[in-house]
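Structure first, then comments.
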Amino acid sequence: VLRPWRTDDLDHYHAMLDDADLWRYMTEDMPTPFSKAVAADLIAISNAGHHHEVRAIQTPHGVVGQVRLLWTGSDLQPGEAEISYWLGNAYRGRGWAWEAVRQMTQAAMRSRTGLQRVVAYVHPDNVASARVLIRAGYEPSRPRTADGWMGFSCARQTV
């Protein structure tokens with residue numbers, strides 16, 4: 001189930017993100033120190049604004065990570081959105097990331113008629129994340145020129 005982050009997720013959210021290894025593959029640097037106040041701010045940001053849609057990945061084992069669709073950005077072309085995701089270290093390798101990516105992509109294509117393509121960028125060393133995208137129906141595409149991250153895309157007609 002994909003759902004908005006809630007304030008009662010704070011302790012678990014903080015524990016999952018307080019992991020330098022997880023941040024190694026993110027585009028942002030890990031806030032230092034990574035306090036609960038910073039985590040609370042990130043939850044608030046996740047639920048604010050119309051430029052993105054952020055969802056917690058809820059499983060029978062609790063919340064295991066996050067999936068996000070960015071609707072606006074300097075690298076996005078008209079009709080594009082960018083998907084990103086992360087899982088807490090203890091929850092990787094169980095298929096939850098690809099299922100969340102698949103669900104979020106399909107829901108976006110159904111609800112946004114102007115959306116033609118969803119793109120994703122993956123750190124070149126993050127082979128597991130590349131496998132997630134391919135399993136979810138994404139195809140390799142051009143790398144991002146700014147940093148050389150691997151590119152993937154899913155076009156409307158392939159969903």
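The values are calculated or read from the model by the stated rules, or taken from the named source; none is laboratory data. These numbers were taken from a predicted model, which means no experiment stands behind them. All Cβ positions, even for glycine, are placed from backbone atoms using ideal geometry, and neighbour counts span all protein chains on display. Remember, those area values only see protein heavy atoms, side chains included, never the ligands or the DNA or RNA. Shrake-Rupley method; radii C 1.70, N 1.55, O 1.52, S 1.80 Å.
In loop segments of the range 14-91 as defined by DSSP, the GluC sites (Glu not before Pro) with at most 15 further C-beta atoms inside 10 Å of their C-beta are Glu28.
Annotation: per residue accessible area for the range 95-159 equals 53 Å², rounded to a whole number [probe 1.4 Å, protein chains only].
Quotient of the Cα radius of gyration of the range 35-88 and 2.2 N^0.38 Å, N being its number of residues: 1.28. Build a GNM of the chain with springs between Cα atoms under 10 Å apart, and of Ser35, Ser111, Ser129 the one that fluctuates most is Ser111.
The candidate values are [x] 126; [y] 189; [z] 114; the one derived from this structure for volume of the Cα convex hull per residue in Å³ carries the label [z].
Ligands, DNA and RNA are left out, and with a 1.4 angstrom probe the accessible area of the range 1-77 is 55 Å² per residue. Averaging over all projection directions, the Cα-based convex hull of the range 78-120 occupies 3.1 nm² in the image plane. Taking 0.36 nm per residue of sequence separation and removing the Cα-Cα distance, the Asp41/His12 pair yields an extension gain of 9.0 nm.
Of the accessible area of the chain, computed with a 1.4 Å probe over protein heavy atoms only, carbon and sulfur atoms account for 53 percent. In the chain, helices alone account for a calculated mean residue ellipticity at 222 nm of -8500 deg cm²/dmol, with every DSSP H run of four or more residues adding -39,500 (n - 2.57). Residue separation of Val1 and Ala90 scaled by 0.36 nm, minus their Cα-Cα distance, works out to 30.2 nm of gained length.
Pick from Arg92, Arg117, Arg68 the residue whose mean-square fluctuation is largest in a GNM of the chain, springs joining Cα atoms under 10 Å. Fluctuation is largest for Arg92. Axis angle, to the nearest 10 degrees, between helix 36-46 and the longest C-alpha principal axis of the chain: 30 degrees.
Our note on the geometry: Cα centres of the range 88-159 and the range 1-58, 19 Å apart. Normalised by the number of residues in the chain, the average gap of Cα pairs under 8 Å and 6 or more apart makes the relative contact order 18 percent.
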